Amino acid sequence: MRKRKLNINDIIKDVYASIKIMADQKNLEFTVSLEDSVKLTWIDPDRIGQVIKNLLLNAIKFNKEKGRVNISTSTEIIKDREYIKVSVEDNGIGIPRRR
């Protein structure tokens, strides 16, 4: 891993820009909601970028035409530690629950 101190919002913006055309081709509403207060953190930009890209590509691929995809960031405090939460939401077919 090649960790660097970065803002994950910048990585999300880059991924968004690189795949927006795919969402446009399916007439999807593709939005980004990034919390300004997200702080710099030690991450491997290549690996986290690939994970985010894969999540978004799946959300686009398994969505219906004129559907929606949103990626967002927020911060949460859990047991006195601050965490960055990245969420991908869509109205595609979803993942079936295991029985």
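Apart from one condition, N9 fits all of (1) in a strand (DSSP E or B); (2) in contact (Cβ under 8 Å) with a residue 40 or more places away in the chain; the exception is (1). Condition check for N7 on (1) touching a helix residue (DSSP H, G or I) at 6+ places or on another chain (Cβ under 6 Å); (2) open to solvent by less than 50 Å² (accessible area, probe 1.4 Å): one failure, at (1).
When we screen I48, I52 for residues that are more than 23 Å from E29 (Cβ to Cβ), open to solvent by less than 70 Å² (accessible area, probe 1.4 Å), part of a helix (DSSP H, G or I) and modelled with pLDDT of 95 or more, the only hit is I48.
It is to be established whether one or more residues within the stretch 33-45 are under 20 Å from Y83 (Cα atoms), in a strand (DSSP E or B) and of a type in the set (V, I, T). Yes, the stretch 33-45 has at least one match. For the stretch 10-45, filtered to residues that are open to solvent by 30 Å² or more (accessible area, probe 1.4 Å) and of a type in the set (G, A, S), the residue that is farthest from N63 (Cα to Cα) is S37.
I'm told K39 meets every condition in (1) farther than 26 Å from R4 by Cα; (2) among the basic types (K, R); (3) touching a residue at least 24 places away in the same chain (Cβ under 8 Å) except one. Can you identify the failing condition by its number? Result: K39 passes all but (1).
A single member of I71, I60 is among the hydrophobic types (A, V, I, L, M, F, W, C), surrounded by 14 or more Cβ atoms within 10 Å (Cβ to Cβ) and not in a strand (DSSP E or B), and it is I60.
The values are calculated or read from the model by the stated rules, or taken from the named source; none is laboratory data. On a predicted model such as this, the values are computed, not experimentally measured, just so you know. Counting neighbours? That spans all protein chains shown, and the Cβs are built from the backbone with ideal geometry, glycine included. The protein model used for the area step is the full one, side chains on, heavy atoms only, and it has no ligands, DNA or RNA in it. Shrake-Rupley method; radii C 1.70, N 1.55, O 1.52, S 1.80 Å.
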